[in-house]
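Data first, discussion second: the structure below is written as structure tokens.
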């Protein structure tokens, strides 16, 4: 109780310290006067009366000091003193302070920004969703098919029924709705979701309601939709009476039953959803047909939420057991199939997985940049501490404790770090949504990849900041604590260039670290650039000058017959245009997000093992497709208008498939069974790339779009530029049907480039930060070299007086700097050899130890280092020997 | 040397100050110092200066208060007065001191005890 009281009164004393001084002065003065008067009364002479009084009193200054210390809290007082002193020191050298703060702001800010990206994209991508930590992605696997196939609805329901460790099973399949706006059509991202979607996620629509369980059931029975907040605002002008109104979606009026809350973008990392429709509407939104009752149709992407306390392993074990039972019960569809659960950051079907390596690299890069920045600031502080050696020595000599000096230096570091952290957090706040700019837009739309700055990000960034402060703040502190009083008080002379290397050891070490780290970044950038170049040199096997686009006829509610007629008419009109060589229909655009059709097949004359099932991807294409795409025909013919609904079913296989299943015989004339239907093989096409440039040649075949489904995609071989073609196309489409509009018109090259976005993003990031690191390292080197030169004027003067010419001096100083650089490069090489192996998946046909890359990184480093050293060296030659020696 | 002295004084100085203020009523610093020296019969060589931090500490404890007033010779001086909590503390400290003094004197003069 008393203690608290004392503390409080001391704290109060801290605040009203200002008026304490005159009080105590007056009180002590009064005391002395009284004592002197008393002494005088006893008959002492005035002089003696005064000195006796003082003697009796003890040291006035010391009493005051004790009094002051008692009056407030010394710890705070010291801190306050240090703070003011530190601020004054920083103000006195604004250039230094600015540079240091800038370095640190960049370091801390880029770290905080990347943390917020990782938090918002990988770890907690759905901020409005309750219990994200218990949410897992669910995807299938198939023994015979690589990758992560989807799950069928009957299987999904069986999992839900038979598993006990799960709170909820949520279907969330991304789909697109084409909305015509002017003469361009735009894709609005939408999701087919199970009826429990909004309830299970804990997201309450702000208007209307979510879906009800009955709305899962019945083929196309519930044309209802919940719309996003942004759509409600932009397209419906925040209409408060929106509920109950209808919106045409894929040619069918849908009743709007709810508006999702602001900030809810659905549960697909990368794209913001605008409509949600219930599961029963699957057929309307999936161009490949009705799938709700077929266990073999795997199309569902989704999430599960585990019950509290259930681990991923337990859940996986339970669901795998159920999958095993399903495999036994339905061998025809489920043989060799199962499901996997993934934490959100490893979700296979959205952009979490594709962005993971890029974000990993981003993290490594910004941590290196922070380290380099710390080393740089440490070096700056050190150089300054050397300048202040005299001040420090005097403070030590007059009795300041060494710990007090350390405290002072750390306080200065803390001031720098605090300002830099404030700037860094601001920078992170501005940059939190910038990640998306590194990725290309699609259909004129940017992806939706907001960063998330929550308490975890803030805590982590603060932690980083504290560690950084200790890192760079302690360097000069350690150095200072080694000051030897006697030798330091003597006028300091001595050179640094020639002998006396030990003193510069810490500084050189810091530069070495910087050089090594930026070398690692350079190597990383070089490797990625090399592999990107390798990827871009791969021929896709088709003409990349071909234009591609789509015309979604579902918007107008076309049936099959009408859409076939429309497509024929459109192709005719396009081919009649000047400058158009040919045009063709395709269902799936190569290198697109939409996946190809895939089916179990049988080949006439090819015996499969009893347990083996051949599953091959295929595309539905129109007449003259191969010619339009520039895919060479090896033998036979491609499709013509005659391959229609009434004609004999046919197929064109690629040469890889021919070699694999016909073993050298010409497949033309033999038969192929797809989904139980026999097709006549009429041609063989040269293999091309279908989904990614890096893929290995794989079997693939084409079937006529007329005999299978409705095509949406269009490829056009033309000499016209895309913008011109887009206008012409819009005109032709409008002429056929006022309600239709084509999508974005791009070259196949552009389409292909979008799939290498991840690699390009990584290259760009490493190049930018690698460059930054190089500049920082060069500044560090420059700082150390110029300091060294400025400290050794006397030595340099002596050398000159003894006959050294400018060339000798330049050589001497350059060799000092370059020796440091080479040491840094050697350390960097060792580190890079260990680290680049982690880039595995991003590298294509480039060895992580590619000598050319290491060599050029080394060259760049040496050039930068030479530039950084040259200026100080040149300045050294300007030393005036007479003056240097006289000083 | 100063260290031992202040250490001893720390505890006892509080007692002396409190007793002085209790007996004489409000006093300024110099008056307290004089009184302590008188009572101790000038046997106690007090560093008068060390009185002031002690006075501040006693205030922080809430045992004494201070306010500015006029001295006998009409100069501005700070007067200290004992509080109710101070009186309680004085009683407790005096009793404690007597107990300790009693014990110590028995150690100092064992002969008197046995006789």
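For segment A:606-629, a residue qualifies if it is touching a strand residue (DSSP E or B) at 6+ places or on another chain (Cβ under 9 Å) and surrounded by fewer than 19 Cβ atoms within 10 Å (Cβ to Cβ), and the qualifying residues are A:606, A:608, A:613, A:614, A:615, A:617, A:627.
Quick one: would you say residue A:11 is within 12 Å of chain B (Cβ to nearest Cβ), more than 16 Å from residue B:53 (Cβ to Cβ), part of a helix (DSSP H, G or I) and at pLDDT below 80? Taking the combined requirement at face value, the residue satisfies it.
Looking across segment A:25-39 at every residue that is farther than 14 Å from residue B:34 by Cβ and surrounded by fewer than 19 Cβ atoms within 10 Å (Cβ to Cβ), the one that is farthest from the other protein chains (Cβ to nearest Cβ) is identified as A:25. Entry remark, segment A:560-601: residues being more than 44 Å from the chain's Cα centre (by Cα) and touching a residue at least 24 places away in the same chain (Cβ under 8 Å) number 4 in total. Scanning segment A:651-665 for residues being under 13 Å from residue A:604 (Cβ atoms) and not in a helix (DSSP H, G or I) gives a total of 5.
When residues in segment B:32-56 are screened for being touching a residue at least 12 places away in the same chain (Cβ under 8 Å) and facing chain A (nearest Cβ under 8 Å), 5 of them pass. In the set A:772, A:720, only one residue is surrounded by fewer than 22 Cβ atoms within 10 Å (Cβ to Cβ) and in a helix (DSSP H, G or I); that residue is A:772. Residue count for segment A:52-68, restricted to those that are without any contact (Cβ under 8 Å) to a residue 12 or more places away in the chain, more than 8 Å from every other protein chain (Cβ to nearest Cβ) and surrounded by 13 or more Cβ atoms within 10 Å (Cβ to Cβ): 0. Set side by side, the residues A:158, A:144, A:148 differ, and just one is in contact with a strand residue (DSSP E or B) (Cβ under 8 Å, 6 or more places away or on another chain), in contact (Cβ under 8 Å) with a residue 60 or more places away in the chain, surrounded by 15 or more Cβ atoms within 10 Å (Cβ to Cβ) and farther than 26 Å from residue A:374 by Cβ, which is A:148.
Among residues that are over 32 Å from the mean Cα position of the chain (by Cα), modelled with pLDDT under 90, part of a helix (DSSP H, G or I) and under 30 Å from residue A:860 (Cβ atoms), residue A:531 is not included. Answer yes if at least one residue in segment A:70-85 is surrounded by fewer than 18 Cβ atoms within 10 Å (Cβ to Cβ), closer than 30 Å to residue B:35 by Cβ, within 13 Å of chain B (Cβ to nearest Cβ) and at pLDDT below 75, and no otherwise. Taking every residue of segment A:70-85 in turn, none turns out to be surrounded by fewer than 18 Cβ atoms within 10 Å (Cβ to Cβ), closer than 30 Å to residue B:35 by Cβ, within 13 Å of chain B (Cβ to nearest Cβ) and at pLDDT below 75.
Condition check ((1) closer than 30 Å to residue B:28 by Cα; (2) surrounded by 20 or more Cβ atoms within 10 Å (Cβ to Cβ); (3) away from chain B (no Cβ under 14 Å)) across all residues:
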{"site": "A:41", "(1), (2), (3)": "yes, no, no"}
{"site": "A:48", "(1), (2), (3)": "yes, no, yes"}
{"site": "A:90", "(1), (2), (3)": "no, no, yes"}
{"site": "A:130", "(1), (2), (3)": "no, no, yes"}
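The lone criterion from (1) at pLDDT below 85; (2) assigned to a helix (DSSP H, G or I) left unmet by residue A:418 is number (1). When restricted to residues that are at pLDDT below 90 and on the phi > 0 side of the Ramachandran plot, segment A:618-672 contains 2. Take segment B:67-84 and flag every residue that is in contact with a helix residue (DSSP H, G or I) (Cβ under 8 Å, 6 or more places away or on another chain), surrounded by 18 or more Cβ atoms within 10 Å (Cβ to Cβ) and either closer than 22 Å to residue A:38 by Cβ or facing chain A (nearest Cβ under 9 Å) (or both). B:77, B:78, B:80 - these are the residues of segment B:67-84 that are in contact with a helix residue (DSSP H, G or I) (Cβ under 8 Å, 6 or more places away or on another chain), surrounded by 18 or more Cβ atoms within 10 Å (Cβ to Cβ) and either closer than 22 Å to residue A:38 by Cβ or facing chain A (nearest Cβ under 9 Å) (or both).
Just one of the listed residues (A:546, A:462, A:469) is touching a helix residue (DSSP H, G or I) at 6+ places or on another chain (Cβ under 9 Å), modelled with pLDDT under 85 and at negative phi, and it is A:469.
With respect to residue A:610, is the statement that it is in a strand (DSSP E or B) and over 24 Å from residue A:564 (Cβ atoms) true? Please lay out each step first, then the result.
Values: in a strand (DSSP E or B): no; over 24 Å from residue A:564 (Cβ atoms): yes.
When the stated conditions are applied, residue A:610 does not pass them.
The values are calculated or read from the model by the stated rules, or taken from the named source; none is laboratory data. Source: prediction; values computed, not measured. Counting neighbours? That spans all protein chains shown, and the Cβs are built from the backbone with ideal geometry, glycine included.
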